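*Asks:* Handing you a structure now.
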2 protein chains.
Amino acid sequence: MLVFEYPERSQWPELLRRPVFDNTALETSVGNILADVRQNGDAAVRKYAQQFDKVQLDALAVSPAEFAQAAASLDPALKKAILQAKHNIEVFHKAQQESGKVIETMPGVQCWRKPVAIEKVGLYIPGGSAPLFSTILMLGIPAVIAGCKEIILCTPSNAKGEVHPAVLYAAEQVGLDRVYKIGGVQAIAAMAYGTESVPRVHKIFGPGNQYVTCAKQLINKDGVAIDMPAGPSEVAVLADETCVPAFVAADLLSQAEHGPDSQVLLVTTTPDIIKGVQEQVAAQLATLPRKDIAAKALENSRIILVRDNEEAMDLLNAYAPEHLIVACKDDITIADAVINAGSVFLGNYSPESAGDYASGTNHTLPTNGYATAYSGVSLDSFVKKITYQRLTKEGLQHIGSTIEIMAAAEGLDAHKNAVTLRLK
Amino acid sequence: MLVFEYPERSQWPELLRRPVFDNTALETSVGNILADVRQNGDAAVRKYAQQFDKVQLDALAVSPAEFAQAAASLDPALKKAILQAKHNIEVFHKAQQESGKVIETMPGVQCWRKPVAIEKVGLYIPGGSAPLFSTILMLGIPAVIAGCKEIILCTPSNAKGEVHPAVLYAAEQVGLDRVYKIGGVQAIAAMAYGTESVPRVHKIFGPGNQYVTCAKQLINKDGVAIDMPAGPSEVAVLADETCVPAFVAADLLSQAEHGPDSQVLLVTTTPDIIKGVQEQVAAQLATLPRKDIAAKALENSRIILVRDNEEAMDLLNAYAPEHLIVACKDDITIADAVINAGSVFLGNYSPESAGDYASGTNHTLPTNGYATAYSGVSLDSFVKKITYQRLTKEGLQHIGSTIEIMAAAEGLDAHKNAVTLRLK
């Protein structure tokens, strides 16, 4: 990790620069697959499953027998862990439920908002090296709490047509029974446009590689909502003399192992901890199964020494990290200065992996600086808040001339008439 | 308006089809303007102001003297109306404030969400035939309540370099003092990328023509958030025998006058009201200053007769109208069946224009069927909800093995180590 001591503010943009990913080159090939699935449905889905995933799929939907087999085969300790995580995520997301309180803005003018579930949502869980069953909890649990009527899940199978049992167990426990063995661009297309087997949905959630990301961008232009724009995962750690260098190193590495393009940043006010963290990173790295990936991510990672907590938070707010760990004695005070971050971890005993799996917060978070304007996934992501108003005749009398005057000034006479006629 | 009696469900998609707007053809020319402003800043902004708006701009920012002059020149009755509307919108949007309650998901595992204002936001108010000062209230008020630190507003001036006094008065009353006389694509570019005069923002709000809409789509791909995708405005009215045909006609016309591409739909269970509404539409239309626009919109508009309220709501939920007026005796019961709509107006005394101006609800709403997955603008649109977690050592002990088991099963050993090391 490169160390930068007391850089000038003018250097910050360069220091905090993220790698730029341009999907434009992929748009044509991804667009062609989307169009093919839109036109040819399941047949096109099967064709691409054969081509990309080397699998000959008969039924696209996972059968009840497959769910039962997954539950029977899974390690009981892992089942218990999944259920514990599910409990915590449910508790936190249920607390986000709102009731629409009625506000009388003037006598006889009642207004309220009502959260109404998005009727049809699609969740995408990538395949690849690790089965991301934790993401099923993070997306499926709020979808169920929100009351979405149709929740479907697409995830690629292996070459034998099997889905990892932890994925099926997590889905079943959450209450998702419509799981399709479809991956990649063809999965996004199937959920966006519908096929004979897969119903069309209104919003698509979930992580994916650059092809999936590009597909989500394109179907979003076509009117299907998506959870948020995507980018490589990242963590920033703010640490002072009260941190434990071994813990900080472990947190940096747990981000670095995600992928060679992961972002890792250590910001500190305390020069003395830097050497200790570096030594711990080196020592812990050597023992990791994914050490090559982590080492690659660390090459682009930075340690930045700053003067005080205020400068630290200015820098971190400029960076807008997906995950921010605050391992400082004044963690609670510092937390109040956070403007831009996805999720914040306070103190020495709150590793990022707690939020990744089981503290209860959501791990689907804004990367790539999007934390300046986007929130992570929450119950809100699965509802619309519809506004209502109900005016009595007296209410309209109170407010009528205001509407008439404003409508006339905007040159919209029919808007005015709609009031005038009612008050005649 | 075309009348369809008891259409089969299979005909609904055709009946409810909206005009398709494809911005692809504009992307090159809009992209060129965006790139020019990004590169050449104020000089490019001035060039396009000259080219498109025929105005030679010296200062881009509205001066304090211009604000004062606007306030002095504006009709006192209009000022009073603006202040009344402002009051109601403030009351409704303030009630949307949330405090982040701390949830203990397990002993020693505390999680909470905190709404934090988006630091920098840009509001766009189009010029053209009518000064849309009401939209300043709808966007500026929640931005101020949220606590956004930098709120800027762009709106085109007339050829003399003047902004309509109602626009400046509304901006000043809301608390916006940074108003720039910039319109069109160049305004979106200036706010997205920043120029010498205009600061760069994280999220852009506001309506506009197809060029502005295309510019917002393109800067959104570049990482700047936008309020929501745009389309022509629309209303659906559900009416039964308790409706007043003259009121229904007035509501249909107040939508139709927005533009020739506006959408107007009447759904009814009561054949008897159709003739009355049609007669009232014809009679009221004749007196409207914008009758040509409204007549054009009505050409594509439909009256659909259905069997009962249940069928009506199935049809309306399939349409997902921006505005839904329920002029029925069971309006409250019917309101509960709404799944897809932007804003709902209940009873005979709740015209759409009440919500457009002054009831307190927001008038920036999802059009074009986006109400299936998007909410209208609210206080939420101006904040991120950052999640926090703080675990004690005991908390991590409670949850540690869950995290370790899940991380190991996902093949992420460094994630597991971050816990193991802390519990050693």
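*Asks:* Ignoring ligands, DNA and RNA, how much accessible area is buried between chains A and B, both sides summed, with a 1.4 Å probe, to the nearest 100 Å²?
*Replies:* 10200
*Asks:* Could you sort the residues of region B:314-359 by number and keep only those whose accessible area is reduced by 40 Å² or more in the all-protein-chain setting relative to the chain alone, 1.4 Å probe?
*Replies:* Those are B:339, B:344, B:346, B:349, B:351, B:353, B:357, B:359, which lose 40 Å² or more relative to the chain on its own.
*Asks:* Now, a different point. Considering only DSSP beta bridges where both residues belong to the protein assembly as shown, give the percentage that are antiparallel (nearest 5).
*Replies:* Of the beta bridges lying entirely in the protein assembly as shown, close to 25 percent run antiparallel.
*Asks:* Next question. If you count the DSSP beta bridges with both ends in chain B, what percent of them are antiparallel, to the nearest 5?
*Replies:* 25
*Asks:* Over the Cα atoms of chain B, what radius of gyration and what Dmax do you get, in Å?
*Replies:* Values for chain B (Cα only, Rg and Dmax): 25.0, 83 Å.
*Asks:* Here's a follow-up. How large is Rg over Rh for region A:219-338, taking Rg from the Cα atoms and Rh as the Kirkwood inverse mean of 1/r across Cα pairs?
*Replies:* Value, to two decimals: 1.04.
*Asks:* Residues with amide H under 5 Å of residue B:100's amide H, sequence separation 5 or more or different chain, H placed in the peptide plane at 1.01 Å from N; which?
*Replies:* none
*Asks:* Could I ask something else about it? Heavy atoms only, probe 1.4 Å: what % of the accessible area of chain B goes to carbon and sulfur, would you let me know?
*Replies:* Solvent-exposed carbon and sulfur of chain B make up 50 percent of the total.
*Asks:* For region A:60-112, what is the Kirkwood estimate of the hydrodynamic radius, computed as the reciprocal of the mean inverse distance between distinct Cα atoms, to one decimal in Å?
*Replies:* With all distinct Cα pairs of region A:60-112 included, I get 15.4 Å.
*Asks:* Considering just Cα atoms, how many Å³ per residue does the convex hull of region B:286-380 enclose?
*Replies:* 137
*Asks:* Hey, what number do you get for the protein assembly as shown at 222 nm if only DSSP H runs of n ≥ 4 count, each worth -39500 (n - 2.57), divided across all residues, to the nearest 500?
*Replies:* Per the formula, -14000 deg cm²/dmol.
*Asks:* Something else now. Which residue fluctuates most in the GNM of chain B (Cα springs below 10 Å): B:378, B:197, B:157?
*Replies:* B:197
*Asks:* How are the C-alpha pair distances of region A:48-158 spread across 5 Å bins, as whole percents from the shortest bin up?
*Replies:* Per 5 Å bin, starting at 0, the Cα pair percentages come out as 2, 9, 13, 17, 18, 13, 9, 6, 4, 3, 3, 2, 1, 0.
*Asks:* Do you know which residues of region B:170-210 lose at least 10 square angstrom of accessible area in the protein assembly compared with their chain on its own, with a 1.4 angstrom probe?
*Replies:* Buried by 10 Å² or more upon assembly, which counts only protein chains, are B:202.
*Asks:* Then there's this: Over the protein assembly as shown, with the other protein chains present, what is the accessible area per residue in square angstrom, probe 1.4 angstrom?
*Replies:* Heavy-atom SASA per residue in the protein assembly as shown reads 37 Å².
*Asks:* Anyone know which of B:237, B:144, B:20 comes out most mobile in the 10 Å Cα GNM of chain B?
*Replies:* Its mean-square fluctuation being the largest, the pick is B:20.
*Asks:* Of the residues A:96, A:389, A:56, which exhibits the maximal mean-square fluctuation in a Gaussian network model of chain A defined by a 10 Å Cα contact cut-off?
*Replies:* Result for chain A, Cα springs under 10 Å: A:389 fluctuates most.
*Asks:* Under 16 Å Cα to Cα from residue B:47, which aspartates and glutamates show up? Leave out anything in the same chain fewer than 8 places away.
*Replies:* B:36, B:58, B:196
*Asks:* Measuring from centroid to centroid over Cα atoms, what is the spacing of region A:284-311 and region A:134-197 in Å?
*Replies:* What the calculation gives is 34 Å, centre to centre.
*Asks:* Kindly write out, for region A:77-84 in residue order, the coupling ³J(HN,Hα) from the Karplus curve 6.51 cos²θ - 1.76 cosθ + 1.60 (θ = phi - 60°), rounded to whole Hz, with x marking Gly and Pro.
*Replies:* 5, 5, 4, 4, 4, 4, 5, 5
*Asks:* Follow-up question, since we're still on this one. Along the charge dipole of chain A, pointing to its positive end and built from +1/-1 on Cβ of Lys, Arg, Asp and Glu, which listed residue (A:55, A:389, A:32) has its Cα farthest out?
*Replies:* Farthest towards the positive pole: A:389.
*Asks:* OK, next. Run the reach check for residue A:329 against aspartates and glutamates, Cα to Cα strictly under 17 Å, same-chain hits fewer than 8 apart removed. What comes back?
*Replies:* Answer for residue A:329, where 17 Å is the Cα cut-off: A:240, A:241, A:272, A:308, A:310, A:311, listed by chain and number.
*Asks:* Per the Cauchy relation, a quarter of the hull surface: what is the mean projected area of the convex hull of the alpha carbons in region B:112-176, in nm²?
*Replies:* 4.6
*Asks:* Would you pull out the residues with amide H under 5 Å of residue B:3's amide H, same chain only if 5 or more places away, H placed 1.01 Å from N?
*Replies:* B:303
*Asks:* Over region B:181-261, what per residue volume does the convex hull of the Cα atoms give, in whole Å³?
*Replies:* Cα-based convex hull of region B:181-261, divided per residue, equals 119 Å³.
*Asks:* How large is ³J(HN,Hα), in whole Hz, for each residue of region A:209-226 in order, when computed from phi with the Karplus curve 6.51 cos²θ - 1.76 cosθ + 1.60 and θ = phi - 60°, using x for Gly and Pro?
*Replies:* Per residue, the Karplus-derived 3J(HN,Hα) values read 6, 5, 6, 5, 4, 5, 4, 5, 4, 5, 6, 5, 4, 7, x, 8, 6, 10 Hz.
*Asks:* Right, another one. In chain B, which residue puts its Cβ closest to the axis that turns chain B onto chain A, and how many whole Å away is it?
*Replies:* Closest Cβ on chain B to the axis mapping it onto A, in Å: B:380, 3.
*Asks:* Cα to Cα, under 27 Å, and not fewer than 8 places away if on the same chain: which lysines meet these conditions relative to residue B:296?
*Replies:* The qualifying lysines are A:416, B:275.
*Asks:* Which ³J(HN,Hα) values in Hz, rounded to whole numbers, follow from the phi angles of region A:53-70 under the Karplus curve 6.51 cos²θ - 1.76 cosθ + 1.60, where θ = phi - 60° and Gly and Pro get x?
*Replies:* Result, ordered by residue: 9, 6, 10, 9, 9, 8, 6, 7, 7, 6, 8, x, 5, 5, 4, 5, 5, 4 Hz.
*Asks:* Under the rule of at least 5 residues apart or a separate chain, name every residue whose amide H is placed under 5 Å from the amide H of residue A:237.
*Replies:* Answer set, sorted by chain and number: A:265, A:266, A:267, A:325.
*Asks:* Would you work out the charge dipole size for chain A about its Cα centre, treating the Cβ of every Lys and Arg as +1 and the Cβ of every Asp and Glu as -1, and quote it to the nearest 20 debye?
*Replies:* With Lys and Arg at +1 and Asp and Glu at -1, about 1700 debye.
*Asks:* A further question follows. Jot down the radius of gyration and Dmax of the protein assembly as shown, Cα atoms only, both in angstrom.
*Replies:* In Å, with Rg to one decimal and Dmax whole: 27.6, 84.
*Asks:* Let me ask something additional. Quick one: putting +1 on the C-beta of Lys and Arg, -1 on the C-beta of Asp and Glu, what dipole do you get for region B:247-372 around its Cα centre, in Debye to the nearest 20?
*Replies:* That gives a dipole near 320 debye.
*Asks:* Shortest first and in nm with one decimal, please list how far the residue A:160 label point sits from its counterparts in the other copies (point 7 Å along Cα→Cβ).
*Replies:* Output for residue A:160: 8.2 nm, nearest copy listed first.
The values are calculated or read from the model by the stated rules, or taken from the named source; none is laboratory data. All figures in this text were calculated on a predicted structure; none of them were measured in a lab. FYI the Cβ positions are ideal-geometry reconstructions off the backbone, even for glycines, and counts take in every protein chain you see. Ligands, DNA and RNA are stripped out before the accessible areas are found, and what is left, the full protein with its side chains, is counted by its heavy atoms. Shrake-Rupley method; radii C 1.70, N 1.55, O 1.52, S 1.80 Å.
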